[in-house]
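Enquirer: Below is a structure I'd like to ask you about.
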Amino acid sequence: MDAALREQIDHSRFHQGAIRELAAMLPATDEALSAQIAETITAHDHMGFALLMTAALHAGRRVSAEHLVGGTALTGDPSRLGNFAWKMEGDVPAALMVPIRHGGISREMQAGALFIVAAWWAEGRCANLPPEFAAEARTFARMKDHKGGVLVYLAAAAWKAKDEGFTAVLRQNYPQTFKEEATAAMEKVVTAALGIFASPAIDLVPAEPPRMLAQGRTMRRAVEKRSRNDLCHCGSGKKYKRCCFGKDEERLHFSTDVAGMTQAELRDEPEAGLTDARLQKITPIELARIDPRKVPEAVRRRYITCIISLKLFERMVEYFEVTDWNGERKEEWGFGMFFVMTRQLKDVAERMVAVHTRHEPDPDLRDGIRLLLVRDDPAGELRVLAETALGILTETDPDQLEKLAYGILCSRHAELGILIGRSLLPILPRKDATFILGAILEARDRLNLPPDDPFADILEQRLAEETHDEGKDAAELRAARKRLDAKAAEVRDLTEKIARQRRELDRLEKKRRPEAHPAPHTPADVAELREMRIKLDGLKGTLHERSAERITLRRELEKARDDLEALRHGNAAPAPAADGPGDDEAAHYLPEQPAGNQPLRLIEFPHKFRETLEELPRQAARSALAMIGRLAGGEPAAFVGVVQLKACHGILRQRIGSEHRLLFRLHPDRVQILDLINRRDLDRKIKTLRATG
């Protein structure tokens, strides 16, 4: 960079006068200006980037959108990023998608960038949203613990993008963003943001130099505090106030969170004063500048965790390449490799394996990494997939099964991974099954499929089967289960309506399809088709909303179940006496016994069992038949929660949802179904069974 321009940048505070001075010093050609901006990006110089970009746009110079690839992280504020983007030339959405996908930016910047891309399309500045937008937006919306500003930008992005899947995932994970007051506030933010984007770049810069020395993080003085009447520290013999006082006061305006260092000095030596506390507050761009060789051993674990969480994978590899190898490094290496697998970074994986091999040959790689490494070798991929499938068929350790399935779910064969993950939902422990279901939903995001999976019903059924909801202390659990059952019924009803509507629409379109001598379409025909399409779109939108509500209720049920288990395990005293209908159900059963290995059995139904099923809610009937089939097949998970009646020897009970109970006997060769009843009728049924022997 030109020395005079560099000097001006290093000694300029961020105000309009400095911007105008810089604008007059810019290189004469657009190529030279672009090179200067690129230099600030390469140097991770956020102040230089902000000053140069603002000066260039104020001067009406052409600036390429390509600078957003590396410059987004340097901008530091979504409003300023949008203001810059609105005035740049080229494919702005494509440029912004790079940092969105590859990381190195804060959550607020990522959400802001998604909003800018969606707004760019909604304002008619491009024909289509980038193809990867929906998947990245949905993946980001599934992340936990988003805070206020991030959620506002996410809601604004969903509103502008009008993508049903993105909106549904956001509604599932952050339903509060769709409350009336939150929506009204978000719309105001959108209006204000679009006004800021369209305003001149210099309008976002203070008119005068800021009087405040610094704001944001706790700052440390770049100059030691001295009395004005002391002798000057430079050794001139003059009083401080008559010598270096003015220069030091100016230096104070460039203070940082490291004592004695200015912004320019810290840019040249970012490792100075590196502590655990500073790493927790450091910005992505500051973190990317740190040389891994100079990171103190005491804070290396925090450093590598920050690097990985911000997806700075190039820095991560460099860290392992240049630091000493030991047990702690090996553990950190495994942690990093997991995220390399989830992001499918083959080049990074190869370098990471090379690091491990240099110190310890033949690393024990999980199948997901092996599959990633042979991604460009079709024969190798088939071999690893076959080995993984065989491992799933022969493995019994739930942790290993989870790893095998997750590796394929992360790969480019996500469709196959979904099928494999579905097959494991009935047999994995509940927490592992919940994790795999989450991975299935993330894979559906990448494939731009509807955001909920029909096999989530299996997890809901297991929640019903594996939880004892008898007793007064389980009232909250029963209430959560009822709400979930009702919402599941709504979703199924809407799904059936959509299927009927699609069939009817296909029939009408086929009927009106042009033949050899087509008759002209009447206005009534066109209107009917349009009305049916509008109705279908409305049903699909409602389905997304109900599915989102169902997932929220499923989480509430899991929480209620976990809370109840924690209460029961932590409370040795007997539960309070039950006083509500059905609350004393547990008194009718013997303690649950391990089922052991179960043989295959035929099913023996009672007389008029079909009529019994027809009188029940459809979901209860379906669940009962599914459970009976699993019991007959000897499936271990089906016997979880099976207990014997105290008063009726040999009669067993299994829960069907929250309200119904299946009564049956097990014979060596058959399952004898006795009845399917409402839990409130259990007392009466037991008396009948005792009377009939």
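The values are calculated or read from the model by the stated rules, or taken from the named source; none is laboratory data. Values in this document were obtained by computation on a predicted structure and should not be read as measured data. Neighbour counts are summed over all protein chains in view; Cβ atoms, including those assigned to glycine, are modelled from backbone coordinates with ideal geometry. The protein model used for the area step is the full one, side chains on, heavy atoms only, and it has no ligands, DNA or RNA in it. Shrake-Rupley method; radii C 1.70, N 1.55, O 1.52, S 1.80 Å.
Enquirer: Please turn the phi angles of segment 650-663 into ³J(HN,Hα) values with the Karplus equation 6.51 cos²θ - 1.76 cosθ + 1.60 (θ = phi - 60°), one per residue in order, whole Hz, x for glycine and proline.
Expert: Computed from phi, the couplings for segment 650-663 are x, 9, 10, 10, 10, 6, 10, x, 8, 10, 10, 10, 9, 10 Hz.
Enquirer: Looking at the chain, what % of its DSSP beta bridges pair antiparallel, to the nearest 5?
Expert: So the antiparallel bridges amount to about 80 percent of the total.
Enquirer: Once you keep just the Cα pairs under 8 angstrom separated by 6 or more residues, what percentage relative contact order results for segment 226-308?
Expert: 17
Enquirer: Compute the distance in nm between two label points, each set 7 Å from the Cα along the Cα-to-Cβ direction, one at D377 and one at E250.
Expert: Roughly 6.2 nm, to one decimal.
Enquirer: Looking at V640, V63, G195, which one has the Cα that reaches farthest to the positive end of the dipole of the chain (charges on Cβ: Lys, Arg +1; Asp, Glu -1)?
Expert: G195
Enquirer: Taking amide hydrogens as modeled 1.01 Å from N in the peptide plane, which residues meet the under 5 Å criterion relative to T262, leaving out close sequence neighbours?
Expert: none
Enquirer: With every protein chain in place, what's the accessible area of K540 (1.4 Å probe, Å², nearest 10)?
Expert: Ignoring ligands and nucleic acids, K540 comes out at about 60 Å².
Enquirer: Could you state, as a whole-number percent, how many of the C-alpha pairs of segment 613-692 are farther apart than 21 Å?
Expert: Tail fraction, whole percent: 24.
Enquirer: Step through the residues of segment 411-419 one at a time and calculate ³J(HN,Hα) from phi using the Karplus curve (6.51 cos²θ - 1.76 cosθ + 1.60, θ = phi - 60°), rounding each to whole Hz and writing x for Gly and Pro.
Expert: With the stated coefficients, segment 411-419 comes to 7, 6, 9, 4, 4, 5, x, 4, 4 Hz.
Enquirer: For L674, enumerate residues with amide H under 5 Å from its amide H, sequence gap 5+ or separate chain, H modeled in the peptide plane.
Expert: Distant-sequence amide H within range of L674: L663, F664, R665.
Enquirer: Working from Cα positions, state the angle (0 to 90°, nearest 10) between the long axis of helix 430-446 and the longest principal axis of the chain.
Expert: Compared with the principal axis, the helix lies near 60 degrees.
Enquirer: Now, a different point. Could you grab the relative contact order for the chain? Cα pairs under 8 Å, six or more apart, rounded to a whole percent.
Expert: After rounding, I find 9 percent.
Enquirer: Put +1 on the Cβ of each Lys and Arg and -1 on the Cβ of each Asp and Glu in segment 181-336; which of L231, L279, C306 then has its Cα farthest toward the positive end of the dipole?
Expert: Ranked along the dipole, the leading option is L231.
Enquirer: Sorted by packing (mean other beta-carbon atoms within 10 Å per residue), highest first, where do 44-53, 374-383 land?
Expert: 44-53, 374-383
Enquirer: Label segment 286-344 by shape, choosing from rounded, prolate and oblate, from the square roots a ≥ b ≥ c of the eigenvalues of the Cα gyration tensor; if a/c is under 1.5 it is rounded, and otherwise prolate applies when a/b is larger than b/c, oblate when it is not.
Expert: Numbers: a/c = 1.74, a/b = 1.17, b/c = 1.49.
Verdict is oblate for segment 286-344.
Enquirer: When ranked by the protection proxy of mean other Cβ atoms within 10 Å per residue, highest first, what sequence do the peptides 101-111, 445-455 form?
Expert: 101-111, 445-455
Enquirer: With just the Cα atoms of segment 61-108, tell me how far they stretch along each of the three principal axes, in Å, largest first.
Expert: Computed over segment 61-108, the largest-to-smallest principal extents equal 29, 18, 13 Å.
Enquirer: Next question, about the same structure. Which of the peptides 607-615, 286-294 is most tightly packed, and how do the rest follow, going by the mean number of other Cβ atoms within 10 Å of each residue?
Expert: Those peptides, ordered most packed to least, come out 286-294, 607-615.
Enquirer: Rounded to two decimals, what is the ratio between the C-alpha radius of gyration of segment 89-172 and 2.2 N^0.38 Å?
Expert: 0.98
Enquirer: So for segment 596-693, averaging the separation of alpha carbon pairs under 8 Å that are six or more residues apart and normalising by length, what relative contact order in percent results?
Expert: 30
Enquirer: Now a separate question. Along each of its three principal axes, how wide is the spread of alpha-carbon positions in segment 1-76, in whole angstrom units, largest first?
Expert: 28, 24, 21
Enquirer: Ok, one more. Once you have all Cα-Cα distances for segment 362-439, histogram them in 5 Å bins from zero and send the whole-percent values.
Expert: 3, 17, 30, 25, 16, 7, 2, 0
Enquirer: Counting only heavy atoms of the protein chains, get the accessible area per residue of the chain (1.4 Å probe) and round it to a whole Å² value.
Expert: 50
Enquirer: Just to check I understand the Karplus step: with θ = phi - 60° and J = 6.51 cos²θ - 1.76 cosθ + 1.60, what whole-Hz values come out for segment 158-167, glycine and proline as x?
Expert: 5, 4, 6, 6, 6, 9, 4, x, 4, 4
Enquirer: OK, next. If we restrict to alpha carbons, what Rg and Dmax does segment 253-351 come to, in Å?
Expert: Here Rg and the maximum Cα pair distance are 14.2, 45 Å.
Enquirer: Determine the share of the chain's accessible area contributed by carbon and sulfur atoms, expressed in whole percent, with a 1.4 angstrom probe.
Expert: Of all accessible area on the chain, carbon and sulfur atoms account for 53 percent.
Enquirer: Under 12 Å from the Cβ of W325, count the other residues' Cβ atoms, weight Lys and Arg +1, Asp and Glu -1, and hand me the total. Present the calculation step by step, with values, prior to reporting the outcome.
Expert: Values: positive: R329, K330, R358; negative: E321, D324, E328, E331, E332, E360.
Net charge around W325: -3.
Enquirer: Can you report the principal axis dimensions of segment 79-218 using only the alpha carbons, biggest first, rounded to whole angstrom?
Expert: Projected onto the principal axes, the Cα atoms of segment 79-218 cover 46, 35, 29 Å.
Enquirer: With only Lys, Arg, Asp and Glu charged, each at its Cβ (+1 for the first two, -1 for the last two), find how big the charge dipole of the chain is about the Cα centre; round to the nearest 20 debye.
Expert: 1320
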